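Worksheet: one structure, shown below.
Values in this text are rule-based calculations from the coordinates and carry no lab data. Everything quoted here is computed from the prediction, not taken from an experiment. Heads up, the Cβs are rebuilt from the backbone with ideal geometry, glycines too, and the neighbour counts pull from every protein chain shown.
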Amino acid sequence: MAQIEGVDPEAPEPVAPFESHDRDAVAEALRRSARQAEAADTLWACGRRAEALRLACLSFDGALKAFEDVDPPIGAADRRRIETAGAAAQLPLPSLERDLEDVHTRLFDAWREARELVEGSLIEAAEGPSVVARERRRTVLGSLFFVSVALLLGAWNWAFLPESIEVRATGYRVLDTVETWPPENIIDRDEMTYWHLPPGDTGKIELRFDAPRDIGELRILNAHDLHADNQNRKDRRRYGHASREIVVRAFAGERLLAETEATLARVRDFERQTIELTASGADRVEIEILSFFGEGGGLAEVEVRP
């Protein structure tokens with residue numbers, strides 16, 4: 001057989017980076033890491049940042065173990081970033097929200113970025129640079145589309161919802177650290193999202209305005225379980241969380257401007273209750289849940305009107 005010039009016939013054939021490793025195991029590790037990263041982002045956005053931080057660290061650690069097993073080719077600068085994030089993953093993490101500091105926000109971002117570097121390097125080693133380049137172009141185009149949509153929504157919100165409202169609550173319900181019912185749901189104009197107190201708890205929720213305003217009434221949609229199926233039929237069989245007796249207060253600073261008690265009914269067809277509350281120059285409204293139906297208190301929507 002003729003020998004090809006410049007090629008050593010005794011040299012071993014090049015080995016693909018993953019041939020000595022279990023591709024399925026690496027792929028499963030990356031899928032698990034991606035799911036954990038997505039859950040961490042959700043928790044972070046919902047304000048459960050201590051839990052999100054621990055989950056982001058766990059997500060990065062899982063991807064890092066796959067990276068260390070395969071040891072794919074990667075630039076020196078990116079490798080240093082991954083190693084630095086790996087060293088930070090050994091640090092003790094706060095278990096309470098009040099113990100979080102600015103450094104923990106930087107850690108959250110560092111673990112997320114390092115995990116993406118690990119994932120990219122493993123995919124490129126397995127699939128080749130051309131496949132990765134094509135997928136990255138798709139990702140960029142998709143990102144541009146979603147950024148455009150976000151800008152349009154932001155412009156709409158600026159035009160029709162010029163006043164920002166900060167929502168605070170004494171607590172909210174969390175299930176399996178991923179599914180949550182946060183306070184912000186009461187002002188999202190979505191009748192099918194709710195704020196729930198933890199099961200068995202009473203508590204308070206506050207709406208803080210960016211500027212003092214005059215108030216005449218509140219329109220409240222109680223928490224409910226009116227979920228529609230594919231035939232648009234509502235499920236009215238259960239009431240897991242709904243508020244019953246409440247007290248509504250308006251404040252200017254620490255000064256109480258107005259207070260009223262009310263009893264909310266169970267929601268039958270997305271009907272809202274009007275509660276009169278007259279106050280001038282209020283900078284916040286507080287709703288205290290005194291009793292509830294089912295497992296705990298909650299509200300779906302609150303609208304403050306002049």
(message) Under a Cβ-only charge scheme (Lys and Arg +1, Asp and Glu -1), can you give me the dipole magnitude of the stretch 23-127 about the Cα centre, in debye to the nearest 20?
(response) 220 debye
(message) Loop-only GluC sites (Glu not before Pro) in the stretch 259-302, please: DSSP not H, G, I, E or B, and at most 12 other Cβ atoms within 10 Å.
(response) 271
(request) Can you tell me the dipole magnitude for the stretch 165-305 around its Cα centre, using point charges on the Cβ only (Lys, Arg +1; Asp, Glu -1), in Debye to the nearest 20? (result) 340 debye
(message) Give me the one-decimal Kirkwood hydrodynamic radius in Å for the stretch 165-305, with the sum taken over alpha-carbon pairs.
(response) 15.2 Å
(request) Enumerate by residue number the GluC sites (Glu not before Pro) in the stretch 56-115 meeting two conditions: DSSP loop (anything except H, G, I, E, B), and at most 11 other Cβ atoms within 10 Å of the site's Cβ. (result) 101
(request) Count the net charge of all other residues whose Cβ sits under 13 Å from the Cβ of residue 188, scoring Lys and Arg as +1 and Asp and Glu as -1. (result) -4
(message) Could you list 67, 209 so that the one with the fewest beta carbons within 10 Å of its beta carbon is first and the one with the most is last?
(response) 209, 67
